[in-house]
Each structure stands twice: as structure tokens, then as C-alpha cells.
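Step one of this worksheet: look at the structure below.
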Amino acid sequence: MKFFFLFIVIFQLFSCQKNDKKESTITSNNIIMDIPNCLQPQLMAGYSAEKSETDYPNYEYRESDLDCSIPLLERELQKRSYKFLTSEEFATKVFEIFNRKIDYNKTTKYLYIDGNNPCNKDINYNKNSDDEMVTKSYYLVKNKSFITELLSIPEIIDYSKEFPESKQYEEQKVSNNQGEIKIIKWSDEKELSQIRYKNIEKLVNRNLFLFNNRNEQLTWLLFNDENFLEILCKVYGYDKNDKINQHFIKKIITNKDIDKNIPFFFNKDCDNKLKIHTGFINSFNNVLNISKKPNNVIILKNIASRVMSNNEYEKFSKEDKVKIICHLANVFDPLFKTHHNESQDWGTLTILADAKDYYDTEWNEITSIIIKNNYYNLPNLKMALDYAEQFDSVGAPD
């Protein structure tokens, strides 16, 4: 009887070990996993659908869809030698890039990154698309330390090869005609392999650049993932990379809608406080050094004029307006002083000289605000203010 009991215990132990191996587990080299539980409904919904010859949303994505994609995405990052950060390292990076704090005491698995509104923290499970009306959505995976967007399983891997049972299911169970709804099966989408490739490249290059400091990935991102970088820079105020700054500065110069691009320079944060993107503004120095064209920095003066005179900026207090103007003048006015005699394109006034004319009788109050704030610790501002005092109605001093 004792031997029989011992045999039962050993058998159960062995069975438990076998069952454990069936679960999605990570080893040092690869990931062993079952068929993702979201694959079947995604296959049933198809790649796309239409109803009455109009695009039809045939599938509602949920947290479970994101959940079951994570092991596959993690595996793809492993293949490309992504270094998974510790919780502390990841939290530090996330705050530096997105100005968001990760609370590991909360049971939430993801931190939501809204592509339009950095203050929105309520998670939505959206699939990104080319439709500009749909908010771009990204997800910071807290316990795996990487960022992703929501992707269907067929958009990540070749499911028909990796999970042959799913191919059989799609062939036998999924119909192109589902009542009033017509679908294109995932297996019928001719560009699916290219879609997969692009999705994985975005995943890998974003994470290697942001969290592994791999600057060599940036060239790929600038050419293939500009929208994501624009969200970082314009919506979340990421201004720490001069190459990204210069890329969007040059784009702004060719885009006449300056007001649309003001958030690259400054905005209000989630506490309704002014946030100036000094790194972005300072990059105008390097743009001029490379291009030698004054038109590439005149935009700073145009923005300062808008801040002073456009009703749209009445939402800022006088003190905030002065601060914005001073940050723009700290870069533009020294360049004007050095180069204005070389070309008439610079105009006749610096930013602060223009402010002196605009504020007129209030100018003493403006200078008091600047001095009281210790010139905002801007290295060129005192010189720029002294230089502005030398201007008269004729224009720049010799």
C-alpha cells in the first residue's frame, strides 16, 4: 500500500511538470506557447469587412487581444537582442520620454499612451490605422518593459505555419460571406507578409531606440515611422534628440501652418502649467549652422509675434508670454546680431526689440519681469535685452 501511494505521488508530480510546460513560458533562447486564445475570433472576423459596400468594423478589440499578443512580441524583441530593462530602469525611461509615472503597486498591466492627448490616462483598446480621425494608441507593458501598439496575431506571425491547426480552422470554418457582412480572410490578404514585416520593424526599432539607447535605429524611424516620432516630439514634448528636432524643424519650415505646429515649441502640461521645449528651440542654432539660410530660423520671430498679438494666446498669462518670448529670443536674437548684415532676410528687429515696440509703455514692466526671473537662466538673454535697448525707429544698430 505504501509503494502504491508513493507511485501516485510521483505520477502526479510528473504530470504537473508536464502541464507546466504547456503554458507560455520563457527560456533563455525561445518561447514555448500554446495557440493564442484570441487567434480564432480574429480569424473569424477576417482581415477586413464590409457591409452594404461600406467598411464595417467586424471585430471589437479588448484587453485580451493585447494580452495574447505580448508573448509573441516579446519573442520578436528577443530575436533582435533587445535588452529588457528592470522595473526601475523602465520607469525612469518612461518618465523621461513620456512624463508618465509607472506605479508598480497597481495591478494594471499597461500604461496607455494617447497619441492626441498626453493627459488622457483612461485606456482604450484601439487598432492604429491610416485614418487621421482615429486616435493613435500605444501601450507600455509594465512587467515586460517595452512599448507596443495593438496588433492582431496574423499581423505578427505567420500563423498558418506556426499553428497549422489555425490554418485548417480558417479554411473550414471561416466564410467570406457572413450574412450581410462580407470579409476578406487573413489568408487572402496578399500584402500580409509585408504588413507583418513592417509591424515587427516598428516594434523593434522603437524599443531599441527608446529603451536601449540604440541611436542607429533612428534613421529607420525617421524614414518609416515619422508619425510615432511626431507624437513623441509634438504631443509629449520629447525634445532631447537634436536629429529628431532638426527633422521636424525642416518640416515646419516647408509647412505654412505655423499655428498647427506651435506644440513643438511649447504647450500647457496636464497641470495647466506652461511647458517650453527648450531642446527643440535650441536646435535652431544647429539648423542655421548647417543650412546657412536665415529663413530657417525666422520662424522663431514669427511665433514670438503671434504670442504677443494673436488672441489665441490669451490663454497664457502675461508672465508666461514673456517667458515664451524670452526663450525664443535667447536663440534668435544672438543669431540676428551676428548675421543680419549678411542678408536683408533677417528683417530690421530682434524678437526683444519687436517686443519693446509692441509693449511700448509696458516695456519697463516687461523688463522687470525678466530681471526678477533672473533672465530665466538663459545664457544669451541679458545680452539680447541690452541689445534691444539700442534699437530705435530706424532699426538695428550698426
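The values are calculated or read from the model by the stated rules, or taken from the named source; none is laboratory data. All values reported here derive from a predicted model rather than from experimental measurement. FYI the Cβ positions are ideal-geometry reconstructions off the backbone, even for glycines, and counts take in every protein chain you see. Note: accessible area is taken over every heavy atom of the protein model, side chains too, but ligands, DNA and RNA are not part of it. Shrake-Rupley method; radii C 1.70, N 1.55, O 1.52, S 1.80 Å.
Largest to smallest in accessible area, the residues Val307, Val235 fall in the order Val235, Val307 (1.4 Å probe, all protein chains included). In order along the range 152-163, the phi-based Karplus estimate (6.51 cos²θ - 1.76 cosθ + 1.60, θ = phi - 60°) of 3J(HN,Hα) comes to 6, 4, x, 8, 10, 10, 7, 4, 5, 8, 6, 10 Hz; Gly and Pro are listed as x.
Helix 63-79 and the long axis of the chain differ in direction by around 80°, with both axes built from C-alpha atoms. As a fraction of the 1.4 Å probe accessible area of the chain, surface on carbon and sulfur atoms comes out at 48 percent. Distance between the 7 Å Cα→Cβ label points at Leu274 and Phe95: 2.6 nm.
Given 0.36 nm per residue, what is the gain on full extension from Asp55 to Asn224 after removing their alpha carbon distance, in nm?
Stretched out fully, the Asp55 to Asn224 stretch lengthens by 58.2 nm.
Relative to the longest principal axis of the Cα atoms of the chain, the long axis of helix 295-309 makes an angle of roughly 80 degrees.
Hey, what number do you get for the chain at 222 nm if only DSSP H runs of n ≥ 4 count, each worth -39500 (n - 2.57), divided across all residues, to the nearest 500?
-15500 deg cm²/dmol
Using the Cβ-Cβ distance between Lys260 and Asn341 with R0 = 30 Å, the FRET efficiency computed as 1/(1 + (r/R0)^6) comes to roughly 0.35.
A 1.4 Å probe over all protein chains sorts Arg306, Arg80, Arg75, Arg62 by accessible area into Arg62, Arg80, Arg306, Arg75, starting with the largest. The charge dipole of the range 203-337, taken about its Cα centre with unit charges on the Cβ of Lys, Arg, Asp and Glu (plus for the first two, minus for the last two), comes to roughly 320 debye. Taking the chain as a Gaussian network, where each spring joins two C-alpha atoms under 10 Å apart, which residue of Asn124, Asn289, Asn261 fluctuates the most? Maximum fluctuation in the GNM of the chain, among the listed residues, is at Asn289.
Here the gap between Lys382 and Arg75, fully extended at 0.36 nm per residue and compared with their Cα-Cα distance, gives a gain of 105.1 nm. Taken per residue, the accessible surface of the chain reaches 55 Å², heavy atoms only and a 1.4 Å probe.
A Förster radius of 56 Å combined with the Cβ-Cβ distance from Thr361 to Thr86 puts the calculated FRET efficiency at roughly 0.45. Here each label is just a point 7 Å from Cα along the line to Cβ, and for Ser64 and Asn117 those points are 2.8 nm apart. Structure note, pairs Lys106/Lys234; Lys268/Lys337; Lys136/Lys251; Lys251/Lys323; Lys127/Lys260: Cα-Cα distances above 27 angstrom occur for Lys106/Lys234; Lys268/Lys337. For Cα extents along the principal axes in Å, which listed value, (1) 78, 46, 46; (2) 105, 60, 36; (3) 78, 49, 36, comes from the coordinates shown? This structure yields the entry labelled (2). Of the residues Cys233, Cys270, ranked by 1.4 Å probe accessible area with the largest first, the sequence reads Cys270, Cys233.
The label-point distance for Ser129 and Ile195, in a model that sets each label 7 Å from Cα toward Cβ, rounds to 1.1 nm. How far is helix 87-98 tilted, in degrees, relative to the longest principal axis of the Cα atoms in the chain, given as a value from 0 to 90 rounded to the nearest 10? Approximately 40 degrees, to the nearest 10. About its Cα centre, the dipole of the chain is roughly 1320 debye, where the only charges are +1 on Lys and Arg Cβ and -1 on Asp and Glu Cβ.
Placing R0 at 35 angstrom, the Cβ-Cβ distance between Tyr104 and Lys318 gives a FRET efficiency of 0.25 after rounding to 0.05. Among the GluC sites (Glu not before Pro) in the range 154-230, those placed in a DSSP loop whose Cβ has at most 10 other Cβ atoms within 10 Å are Glu180, Glu191.
A Gaussian network model of the chain, with springs between Cα atoms under 10 Å, assigns the largest mean-square fluctuation among Lys260, Lys268, Lys142 to Lys260. Each Lys or Arg adds one and each Asp or Glu takes one away; over the other residues whose Cβ falls under 15 Å from the Cβ of Thr92, this sums to +2.
The range 231-281 and the range 143-161 have Cα centres separated by 31 Å.
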